[in-house]
Structures are given as structure tokens and as C-alpha cells.
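Structure record follows, encoded as C-alpha cells.
No lab work stands behind these numbers, since they all come straight from the coordinates. Keep in mind the model is a prediction, meaning the values are calculated, not measured. We place every Cβ from the backbone using ideal geometry, glycine too, and count neighbours over all the protein chains shown.
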Amino acid sequence: MDNTLTLSSSLGATTARAAAVAGEVPVGAVIVKDGQVIATGRNAPIGSHDPTAHAEIVALRAAAQSLSNYRLDGCEMYVTLEPCAMCVGAILHARLKRVVYAAPEPKTGAAGSVVNLFDSPMNHQTQVQCATDLGALCADFMPASSQLLQEFFASKRTSPVHPLRDDALRTPDARFENLPGYAFSPHYLSDLPALNGLRVHYVDEGSREARRTFLCLHGNPAWSYLYRKMIPIFSASGARVIAPDLVGFGKSDKPKKDSFHSFTWHRQCLLEFIERMDLQNVILVVQDWGGILGLTLPMASPERFKGLLVMNTTLACGDAPLSDGFKAWREMCAKKPDFDIAKLFSRGNPHISEAECAAYMAPFPDSGHRAATRAFPPMVPEFESSEGAAISRAARDFWRNDWQGQTFVAIGTQDPVLGERAMQSLAQQIRGCPKPLLLPHAGHFVQEHGQAIAQEATQWLR
Ligand SMILES: [Zn+2]
């Protein structure tokens with residue numbers, strides 16, 4: 001008995017640790033029959049998009065497979081946390097002989113903490129024990145597992161580096177492993193006043209002493225991944241390249257509420273980011289929301305900016321009607337808030353691989369992480385009084401009258417939303433703007449044809 005318990009408890013802790021590494025609440029479960037471990041499970045509802053993927057359920061399924069029997073007569077389960085109502089239900093269906101759990105769960109525990117479903121007419125054979133009540137027999141089980149849980153929750157809430165705010169989510173790192181073409185080291189920052197602790201991720205490649213810096217801003221629903229083909233070319237030109245993920249996107253934290261997002265707040269974050277990084281000789285690279293927000297930035301500190309590379313985007317000034325293409329996009333996003341982002345990229349970019357398309361979904365394990373993709377389309381300023389419209393008009397005046405830097409415009413002409421017509425009219429608003437480069441095979445996400453653009457732009461913008 002002792003051996004079994006030690007073995008199963010160490011396994012339980014191991015599977016719980018694996019869950020923690022994957023960003024899940026660290027719960028591990030093992031099932032033992034005749035002194036042998038026959039199945040293990042770790043908590044994985046986020047990673048597997050499965051609200052039922054609790055450690056206990058995962059272990060029950062594996063045990064039933066291994067015995068080729070849906071009844072687990074004579075089996076015992078050891079689990080690091082008190083089971084919830086769903087799991088107790090499944091445990092009773094499986095007719096386990098005994099369940100031993102290490103730490104009580106005061107909010108959802110269904111073995112006595114909130115309710116005791118084991119002590120009900122439904123239960124005919126399963127005993128339940130809390131490891132603390134078993135005393136010396138389980139001495140190594142209980143501390144290990146509750147310490148692990150404590151460490152996990154501590155790392156979520158009070159990590160000294162970038163604690164996660166209670167009103168935000170953080171995409172598990174594992175979602176970003178081995179993405180094709182994106183081997184850039186992550187950089188984080190959370191102490192800008194506007195962020196109030198939210199963690200922002202940015203790519204920072206090339207030399208910090210470089211003469212100029214390409215600042216690459218993405219839009220919705222993309223992230224810095226969109227710039228993966230351009231970043232190496234910019235940095236090979238001797239420049240520094242910085243590509244942040246807007247809050248709500250990529251590896252940056254994701255506020256839970258759609259209503260958290262606003263034009264003014266995102267603009268403020270970008271202004272503070274540029275100040276904090278003290279970027280000089282900036283070549284601003286924008287597309288989509290990267291431009292809707294980004295084109296309003298240089299007028300706040302014109303001395304920092306010396307070049308502009310602009311791809312399919314707009315200045316949403318609120319004094320001209322939004323295009324039918326944009327309205328159709330906005331309507332689609334409202335009707336299908338969980339639309340398939342990978343499919344969106346594959347449709348417009350038949351030349352990129354399935355794995356590359358999937359990488360655009362990496363930041364969003366479930367709809368809870370997608371507040372920003374829901375919030376951004378209706379945030380585009382539509383009327384003169386819309387939030388962001390006045391600042392966009394002021395920016396238009398700046399580009400018309402005050403812009404001193406060089407400009408390079410690249411247009412993906414297949415874009416139904418912000419294609420050639422919108423871009424030619426934007427180009428006319430920019431002082432000293434040369435004839436745009438037309439990319440007849442590129443759609444909205446022009447950066448997917450970014451090598452050619454980056455090559456030409458680095459030649460042009462000196
Ligand atoms: Zn459960």
C-alpha cells in the first residue's frame with residue numbers, strides 16, 4: 001500500500017506540474033488497480049478546448065480504455081485537488097472503490113467543501129478520503145501537491161515580474177512553441193502608466209545602437225507574427241526592429257471584457273511605449289489598425305520619426321463614409337465573433353502553409369481570449385464625433401502639412417476592405433508621398449508578401 005501511494009502521489013505531482021507548465025490549473029490524477037498505476041491525467045481544459053478535460057476525467061477515460069471496461073471496479077484514484085461536481089459524477093459512474101485527494105478546494109469542491117456528493121443516495125460504493133485525514137500514510141502526498149497549487153496560484157497573482165491582472169488572461173507559452181518563421185526572443189514590459197500592470201510583448205531584433213529603428217505595428221486579428229518575413233530584412237539592413245503586440249493580441253495580456261478596449265487607451269499605450277523605449281530615427285511601419293492608431297502617433301513627437309512605410313490601412317477621420325467592404329467585415333465579425341482566424345489568413349494568402357495560418361490562432365485558445373477581436377471592428381471611428389475621429393483628423397493635417405520624413409506606400413490590391421482606392425486616397429494626404437508600389441497578388445495582409453516590400457523599402461528609406 002505504501003509503495004502504491006508513493007508511486008501514485010509522485011505521478012500525481014508530476015502530471016500536475018505538467019499542467020502548470022502548460023498554463024493550466026495544476027491538477028493531476030492517477031488511477032491504481034491491484035497496486036499498479038493504470039492511468040494518469042492532467043488538467044487541460046484550456047489547451048484542449050474542452051471544459052470537461054479535468055485531470056480526473058482524463059484519467060478515468062484512460063483507465064477505462066486500458067481495462068476495456070467502462071466500469072472501473074476495484075480501482076482507486078489519487079488526485080491532487082478535491083474533485084468538482086462534474087468529476088464526482090463521473091467517478092460515481094465509473095464505480096471507483098476509493099478516491100483520495102490531497103488539497104481541499106473551498107470554492108468548487110464536491111467532496112465536502114461545497115457539497116458532498118459522495119454522501120448522497122447516488123453513491124453506493126465509492127469511499128472518499130482527504131489525504132490529511134489519512135495521516136502518516138500520505139505524509140508525502142499532501143504537502144507536495146498543495147505546495148504545487150500554492151506555487152501555481154502565487155505565480156499567477158504575485159509573480160514579481162509581470163503578475164497577471166485579475167481582469168485579464170494570458171495565453172499559455174506552449175501555444176507559441178515552434179511557430180514557423182518566428183524564432184524571435186520575447187520581450188515584455190508592464191510598467192507603463194496606461195498599462196497598469198498589463199503585460200505587453202514585443203519583438204526587439206537588431207542592434208540597440210542602430211542608426212534607425214523600424215517600428216512595426218500590426219492590426220486586428222493579427223500579431224507581430226505578421227511581420228516575421230520583414231523583420232529579418234530590416235535588421236539585416238543594420239537597423240533595430242521593434243514589433244509590439246497590441247494589448248489583447250499575440251503574446252500580450254488579454255483583458256477579459258470587450259468594453260476594456262478603446263481607441264484612446266490603445267493610442268496612449270503606444271505613445272508611452274515609444275517614450276519608454278526612447279525610440280529615435282523611427283521608421284513607422286503600419287497596416288490595418290497598426291495604421292488607424294499608428295498614423296496618429298508621429299504628430300505627438302515628430303522629432304522621433306524619419307520615415308513611414310504604409311500598407312493597407314486608413315485614417316478613420318469620421319468625415320467620409322466607411323467603405324462597404326469594411327462594413328461587411330464589421331458585420332461578419334459581429335455575427336460570427338468566433339470566426340476562424342486561420343481560415344481568414346489561408347483564404348487571402350493561398351501561398352502560406354497550414355501551420356503558418358494556424359499560428360495566427362495561437363494567441364486565442366478560446367473565445368474568452370478574443371475580447372479584442374470582437375471589440376476592434378466596431379471601434380473604427382465612423383462619425384465625426386466618434387472616439388478617435390478628431391485625433392485622426394488632426395493627424396491627417398499633420399501628414400498633409402507638417403510631415404518632413406520619407407514615405408513608402410505598398411498596396412495589396414486584392415484587399416476588399418482597404419485596397420487600392422482607399423490607399424491611393426491616403427497616399428494623397430501624405431506630404432511628399434511617391435507613387436505607391438502595387439502588389440497585384442497581395443490582399444489585406446500585405447506583410448505576407450513582405451520580403452519584396454522590405455527589400456525595396458530599405459533601399460528607399462535611408
Ligand atoms: Zn473536476
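Taking other residues whose beta carbon is less than 14 angstrom from the beta carbon of Ser68, and scoring Lys, Arg as +1 and Asp, Glu as -1, yields +2.
At most 10 other Cβ atoms within 10 Å plus a DSSP loop assignment makes a site exposed; report the longest stretch of the chain without any exposed GluC sites (Glu not before Pro). Answer - 210-462. The distance separating the Cα centre of region 178-257 from that of region 369-411 comes to 20 Å. Summed over qualifying helices (DSSP H, 4 residues or more, each -39500 (n - 2.57)) and divided by its residue number, the chain shows a 222 nm mean residue ellipticity of -10000 deg cm²/dmol. Charge tally for Phe445 (other residues, Cβ to Cβ under 10 Å; Lys, Arg +1; Asp, Glu -1): -3. Dipole orientation for the chain: of the candidates His162, Cys87, Tyr101, His162 has the Cα lying most toward the positive pole (charges on Cβ; Lys, Arg +1; Asp, Glu -1).
Assuming charge only on the beta carbon of Lys and Arg (+1) and of Asp and Glu (-1), the dipole of the chain about its Cα centre is about 780 debye to the nearest 20. The trypsin sites (Lys or Arg not before Pro) of region 63-137 that meet both conditions, a loop assignment by DSSP and at most 12 other Cβ atoms within 10 Å of the site Cβ, are Arg71, Lys107. With a ≥ b ≥ c taken as the square roots of the eigenvalues of the C-alpha gyration tensor of region 305-451, please select rounded if a/c is under 1.5 and otherwise prolate if a/b is larger than b/c or oblate if it is not? The shape class here is oblate.
Note on Gln36 and Met86: the model spin-label points, each 7 Å out from Cα along the C-beta direction, lie 3.1 nm apart. Hey, for a label at Lys256 modelled as a point 7 Å past Cα toward Cβ, could you say which residues of region 46-73 have their backbone N under 16 Å away? Inside the label zone: 46. DSSP beta bridges fully contained in region 150-286 are about 55 percent antiparallel.
Label positions at His187 and Thr52, each projected 7 Å from the Cα along the C-beta direction, are separated by 4.6 nm.
Add +1 for every Lys or Arg and -1 for every Asp or Glu among the other residues with Cβ under 14 Å from the Cβ of Trp403, and state the total. Counting the neighbours of Trp403, the net charge comes to +2. The modelled label-to-label distance for the pair Ser301/Arg71, using points 7 Å beyond Cα in the direction of Cβ, is 7.2 nm. Considering only beta bridges that DSSP places wholly inside the chain, some 40 percent are antiparallel. Among the chymotrypsin sites (Phe, Trp or Tyr not before Pro) in region 370-462, those placed in a DSSP loop whose Cβ has at most 14 other Cβ atoms within 10 Å are Phe383.
Averaging the sequence gap over all C-alpha pairs within less than 8 Å and six or more residues apart, then dividing by the number of residues, gives the chain a relative contact order of 12 percent.
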